[in-house]
Amino acid sequence: MSLISSAKAGRTFFIADLHLADERPVATGRFFRFLNEEVAGADALYILGDLFEAWVGDDDDALVAHDVARQLRSLADAGTPVYFMHGNRDFMLAERYSALSGMTLLSDPTRVDLYGVPTLLMHGDTLCTDDTAYQTFRNRVRHPLILALLRHLPLALRRHLAHKARSGSESAKAVKPAAIMDVNVDEVVSVLGKQQAVRLIHGHTHRPAQHVHAVAGHTCERWVVPDWYSHWGYVVCDASGCTLRVQDL
Ligand code: MN
């Protein structure tokens, strides 16, 4: 093993909410540098949803999708496993694109043993239970029958629907109180207890932070990974614990 890879081994990276798109080349460039400079040689990379600003199907011909697949594939081929969990923007990403990228699809939530610590991974949108309008919308569009129907629509129509859904969500967000769009702490405590995890790592809220929660008499950590709009960053964990890093984009 070379000096470089031995220094990077023993670490696992978590990212989410990059919202990559052809229109945001700075974030994409930063992402590729992050993969090459920080993640290469690490134990694993977990992408916890919303890697892309929008995903209307694996037949999407956006340039960024091709470039990202190539970069992730070379990381995976070099020995760093890449895991992907769906976000609310890219829940239609499927087997074809994940195979192309060398990613393993994970369901939400997934519990992993992270250096001996039972750690729960989520995108985070299901924790925002105060936003009942969003949860109703989510249940509808994620229904297997609706998903199957969507997949059979022509690409141009899927793009149009995704655009409409995004502008609808933007105008709804503009009038929703901020607290409604954050996680509900009772839901966090309930999920951690049910899943028997002592650590939770998620994204979605774009509120990078470390929180502590009391769950059934013991202390649990919750790490919120940053979005990649005006800044970028990640949570990195090793046997001694996790660290949140956020820097200007
Ligand atoms: Mn999200």
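The values are calculated or read from the model by the stated rules, or taken from the named source; none is laboratory data. Only a predicted model underlies this, so the values are computations on that prediction, with no experimental measurement involved. Glycine gets a Cβ as well: all are built from the backbone with ideal geometry, and neighbour counts include every protein chain shown. Quick note on the areas: whole protein, heavy atoms, side chains included, nothing else; ligands and nucleic acids left out. Shrake-Rupley method; radii C 1.70, N 1.55, O 1.52, S 1.80 Å.
Give me the percent of accessible area attributable to carbon and sulfur for the range 40-190, probe 1.4 angstrom.
Roughly 59 percent, rounded to a whole number.
Please provide three numbers in whole Å: the alpha-carbon extents of the range 57-197 along the principal axes, with the largest listed first.
So the extents along the principal axes, rounded to whole Å, are 45, 40, 27.
Just how much of Tyr134 is accessible, in Å², when a 1.4 Å probe is used and the result is rounded to the nearest 10?
Its accessible surface works out to 40 Å², give or take rounding.
Could you give the size of the charge dipole of the range 9-248 about its Cα centre, using +1 on the Cβ of each K and R and -1 on the Cβ of each D and E, expressed in debye and rounded to the nearest 20?
380 debye
Counting only heavy atoms of protein chains, what accessible area per residue, in Å², does the range 9-248 have with a probe of 1.4 Å?
I get 46 Å² per residue for the range 9-248.
Using the per-residue mean of other Cβ atoms lying within 10 Å as a proxy for protection, in what order, highest first, do the peptides 196-208, 171-183, 26-38 fall?
So the order, starting with the most tightly packed, is 196-208, 26-38, 171-183.
Throw me the Rg/Rh for the range 83-166, computed over C-alpha atoms with Kirkwood Rh, two decimals.
1.01
Multiply the residue gap between Phe137 and Leu249 by 0.36 nm, knock off their C-alpha separation, and tell me the result in nm, one decimal place.
Result for the pair: 37.1 nm of gain on full extension.
In the chain, which helices (entire DSSP H runs) extend 18 Å or more along their own long axis, judged by Cα positions, while averaging at least -0.5 on the Kyte-Doolittle scale?
63-77, 155-175
Roughly how large, in nm² to one decimal, is the mean projection of the convex hull of the alpha-carbon atoms in the range 9-248?
The number I arrive at for the range 9-248 is 12.6 nm².
Express the Stokes-Einstein translational diffusion coefficient of the range 34-75 in µm² s⁻¹, to the nearest whole number, given a Kirkwood radius over alpha-carbon pairs, 25 °C and a viscosity of 0.890 mPa s.
Rounded, D is 209 µm²/s.
For Arg166 and Ala78, FRET efficiency with R0 = 30 Å and r from the beta-carbon atoms, rounded to 0.05?
0.30
Which Cys residues of the chain have no other Cys beta carbon under 4.7 Å away?
Cysteines of the chain left without a disulfide-compatible partner: Cys128, Cys220.
Ranked from highest to lowest mean number of other Cβ atoms within 10 Å per residue, what is the order of the peptides 158-168, 73-83?
Ranking the peptides 158-168, 73-83 by packing returns 73-83, 158-168.
Hey, with R₀ at 30 Å, roughly what FRET efficiency would Ala214 and Ser240 work out to, going by the Cβ-Cβ distance, to 0.05?
Computed FRET efficiency for Ala214 and Ser240: 0.85.
Counting only helical runs of four or more DSSP H residues, what would the 222 nm mean residue ellipticity of the chain come to if each run contributes -39,500 (n - 2.57) and the total is spread over all its residues?
That calculation yields -10500 deg cm²/dmol at 222 nm.
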